[in-house]
1. Over the range 1-87, with a single point scatterer placed on each C-alpha, what log10 of the ratio I(q)/I(0) does the Debye formula yield at q = 0.12, 0.23, 0.26 1/Å?
2. Around Ala55, what is the net charge, scoring Lys/Arg as +1 and Asp/Glu as -1 over all other residues with Cβ under 12 Å from its Cβ?
3. Lys pairs in the chain, Cα-Cα under 28 Å, at least 8 apart or on separate chains: how many?
4. Work out the length of the dipole vector of the range 330-394 about its Cα centre, built from +1 on the beta-carbon of each Lys and Arg and -1 on the beta-carbon of each Asp and Glu, and round it to the nearest 20 debye.
5. Treat every Asp and Glu Cβ in the chain as -1 and every Lys and Arg Cβ as +1, leave all other atoms uncharged, and give the resulting dipole magnitude about the Cα centre to the nearest 20 debye.
6. Using label points projected 7 Å from each Cα along Cα→Cβ, tell me how many nm separate Glu167 and Leu57, to one decimal.
7. Around Ser245, under 9 Å between beta carbons, what's the net of Lys plus Arg minus Asp minus Glu among the other residues?
8. Mind pulling the angle between the C-alpha long axis of helix 47-59 and the longest principal axis of the chain? Nearest 10 degrees, somewhere in 0 to 90.
Amino acid sequence: MFERLEPVVPDPILGLMAQFRADPDPRKVDLGIGVYRDERGDTPVLASVRKAEAALLARQTTKAYIGPAGSAAFNRALEQLVLGAAHPALSAGRVRSVQTPGGCGALRLGAELIRTACPDAVVHVSTPTWANHAPLLSGSGLRLERYPYFDPASGGVQFAAMTAALERLPARTVVLLHASCHNPTGADLSQAQWLELLALVKRRQLLPFIDMAYQGLGEGLDADAFAPRLFCAELPEVLCAVSCSKNFGLYRERTGALHLVSESAAAADAASSQLVRIARTMWSMPPDHGAAVVQTILEDESLRRQWLDEVDGMRRRIQDLRHEVVRQLKTHCPERDFAFIGRQRGMFSFFGISAAQVRALRERHHVYMTDDSRMNIAGLRHENLEYFARAVAQVLAGQQGR
Ligand code: LMR
């Protein structure tokens with residue numbers, strides 16, 4: 001049976017991760033996979049996570065199953081982190097949550113729910129969007145379409161084109177939106193634009209499916225949650241997929257949740273029972289450890305404070321690197337304007353060079369970014385910023401490196 005299978009081209013992000021690991025050059029720079037790195041190039045376990053893990057180890061008495069919806073206490077803690085403790089949808093009993101294996105699990109679970117509710121539903125994603133959105137969402141059988149989003153000329157959002165496209169969509173169309181730190185471009189909507197989009201979504205009766213994978217790494221925990229808080233307060237139905245990979249540094253623990261807002265508590269209960277059924281058919285129950293860590297941190301005053309400081313530290317480092325890399329590029333590539341990198345948010349920027357130039361950076365200078373020129377800013381270090389900028393200058397000038 002399996003002899004007939006064709007080999008699959010590796011996922012562009014994971015394929016690059018393998019190439020980087022195999023490169024023995026000590027100067028190599030990993031701007032590929034979206035993991036936060038510190039000034040030494042490490043992705044350390046957060047100190048708050050280490051303490052929570054120690055506390056868990058001491059107090060956990062069983063590994064017995066919890067259930068397909070995961071831990072109710074984790075789900076509640078995450079709802080409050082995402083929406084804010086006093087959110088009106090929470091007080092109205094309109095929110096239900098299911099713990100998932102990472103944000104990917106939440107996205108797929110949401111897609112399966114949409115397919116159950118409305119098999120012909122179409123999901124519209126931004127152009128461009130995260131490489132795994134299309135396989136994750138269309139894997140459920142939903143049809144995927146695209147709306148204009150990134151404006152390469154300004155490094156910002158083509159908001160007029162985006163809204164003109166969404167304005168034409170029929171009611172019950174699903175629109176996938178990035179809450180903040182847009183992956184792969186780093187170009188986010190302003191609060192005024194979110195408000196305008198909300199009016200459009202209401203008028204056209206669209207279903208927003210919000211992907212929130214970077215809360216805290218853009219402008220701050222509250223500012224980055226502006227869109228989900230607004231949409232969940234103002235709309236009858238919203239789906240929000242949340243990942244704890246980046247802001248808690250729990251990548252391999254696969255920790256996330258799907259929050260669902262329905263028009264009434266009764267509708268929320270019915271939808272939630274479907275989510276539980278679907279989760280049971282896909283992974284039965286989510287992994288526990290990461291969620292238990294997050295819950296421990298969020299429920300403990302002092303661990304929570306320590307974690308907030310750590311998230312602030314990550315965000316500040318990324319913002320500082322953004323400004324520094326713009327400065328270095330200005331010095332070494334004065335003929336090109338890279339100021340947009342300083343205006344973007346989160347880990348990623350679309351660098352705006354050709355696939356051939358990306359390849360040259362990789363092959364001649366050991367600088368790794370995906371072929372579409374997405375770069376993970378957090379992969380830079382102050383000590384290699386100049387090396388990076390010089391490498392870019394040589395590639396842009398079409399010269400051979402050392
Ligand atoms: C990324 O975009 O690089 C991360 O979200 C990691 C992944 O799974 O692709």
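1. -0.80, -1.14, -1.28
2. Working: positive: Arg50, Lys51, Arg59; negative: Glu53, Glu299, Asp300.
For residues surrounding Ala55, the net value is 0.
3. Details: Lys28/Lys246; Lys28/Lys330; Lys51/Lys63; Lys51/Lys246; Lys63/Lys246.
Lysine pairs, 8 or more places apart or on different chains, close enough: 5.
4. Values: 10 positive and 7 negative charges, 20 e Å.
Here the size comes out at about 100 debye.
5. Values: 46 positive and 43 negative charges, 61 e Å.
Its charge dipole is roughly 300 debye.
6. Inter-label distance under the simple model: 5.9 nm.
7. Numbers: positive: Lys246, Arg252, Arg254; negative: Glu253.
Its environment carries a net charge of +2.
8. 40 degrees
Read the figures in this text as sums done on the coordinates, not as results from a lab. Since this is a predicted model, take the numbers as computed values, not measurements. Cβ sites come from the backbone with ideal geometry, for glycine too, and all protein chains shown count toward neighbours.
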